[in-house]
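Below is one structure, written out as structure tokens; the observations come after it.
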């Protein structure tokens, strides 16, 4: 329990630091990132859905690749998540989780009470919820 509180606090501080960067320094270099989503947005998505250490490591590698020696383009973050007790119901969607490998995804339809550990791309929804 205590570890969850500490992890939550560290995650919140890192998210605030990235938001401050986006509002201040990132505004000075408009359109400088070679990737979509931008490196700071990529970091925010990873901090939200991945462990802190993995998020920081993946973000560091992304920032190191964000220069003129790499082509850039679209590079969505990939996270590993556990899905359990899946309920198919209408919801407001903020992020889409697209399976990285579609090996066991179709089993979800037949075994809804099972736990699945899968890798997903995180893609932000462009539709506004009702």
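Read-outs: derived from the displayed coordinates by stated rules, not from any lab. Please read all numbers here as calculations on a predicted model, not as lab measurements.
With 0.36 nm allotted per residue and the present C-alpha distance subtracted, the residue 100-residue 63 stretch has 11.1 nm of extension available.
Extent along the principal axes, Cα only, for the range 8-100: 44, 32, 25 Å, with the longest axis given first. Fully extending the segment from residue 93 to residue 8, taken as 0.36 nm per residue of separation minus the present Cα-Cα distance, adds 28.3 nm.
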